[in-house]
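What follows is a short report on a single structure.
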Ligand code: SF4
């Protein structure tokens, strides 16, 4: 049902092919003005001004609880069972699970060994520094800057913090702020005038 300020108009979802029920679990109006409906147990409907698409193949048979879009036009869907799915603008669907992280291990010793095996020994120090920097500059524990994060496209926790570019950019801290914002296509309006190069990160 849509209300334009004066009257209601009904959109009969029952007529859509591939949508077995009319129960909408999540709603999103994306940055392009498209309305996304997360239907109960599976299908996702995208209603654009001149067309309607139904996504069903490859989506989990689970209850959608939340949908957000990002700066790349991807739509992210979370599910009641903890799952996460991404629909790209070209219609490609990716379902994320524990295997998409560095490891599914939970014991700290096993995690250390599993992550260490993912890279060569000579990279262990720099990778651990980069992870620390990322946590201090961008992925803050209380409010991560998801909308200004270079890992957003691959992060299953995207959306934990603000996805709005301006709001997220304000959260990015540290001497590498200008470079980090530049990597996601944001100009740093607070950048100081160039004076012999950017400061060097320190742990
Ligand atoms: S997208 Fe992921 S890694 Fe980036 S800030 Fe958000 S939670 Fe952290």
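The values are calculated or read from the model by the stated rules, or taken from the named source; none is laboratory data. A quick note: this is a predicted structure, and the numbers were derived from the prediction, not measured. Because the Cβ atoms are built from the backbone with ideal geometry, glycine has one as well, and the counts that use them run over all protein chains shown.
Of the set (1) in contact (Cβ under 8 Å) with a residue 60 or more places away in the chain; (2) not in a loop (DSSP other than H, G, I, E, B), all apply to residue 72 but (2).
Looking across 168, 141, one residue alone is farther than 30 Å from residue 61 by Cβ, within 12 Å of the ligand (Cβ to nearest atom) and modelled with pLDDT under 85. It is 141. Taking the stretch 133-158 as the range and being in a helix (DSSP H, G or I) and either over 21 Å from residue 169 (Cβ atoms) or in contact with a helix residue (DSSP H, G or I) (Cβ under 7 Å, 6 or more places away or on another chain) (or both) as the test, the residues that pass are 137, 146, 147, 148, 152.
Rundown of residues vs (1) modelled with pLDDT under 85; (2) crowded, with 17+ Cβ neighbours inside 10 Å, yes/no style:
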residue: 3; (1), (2): yes, no
residue: 33; (1), (2): no, no
residue: 57; (1), (2): no, no
residue: 70; (1), (2): yes, yes
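Of the listed requirements (1) more than 27 Å from residue 28 (Cβ to Cβ); (2) touching a helix residue (DSSP H, G or I) at 6+ places or on another chain (Cβ under 7 Å); (3) not in a loop (DSSP other than H, G, I, E, B), residue 174 misses just one: (3).
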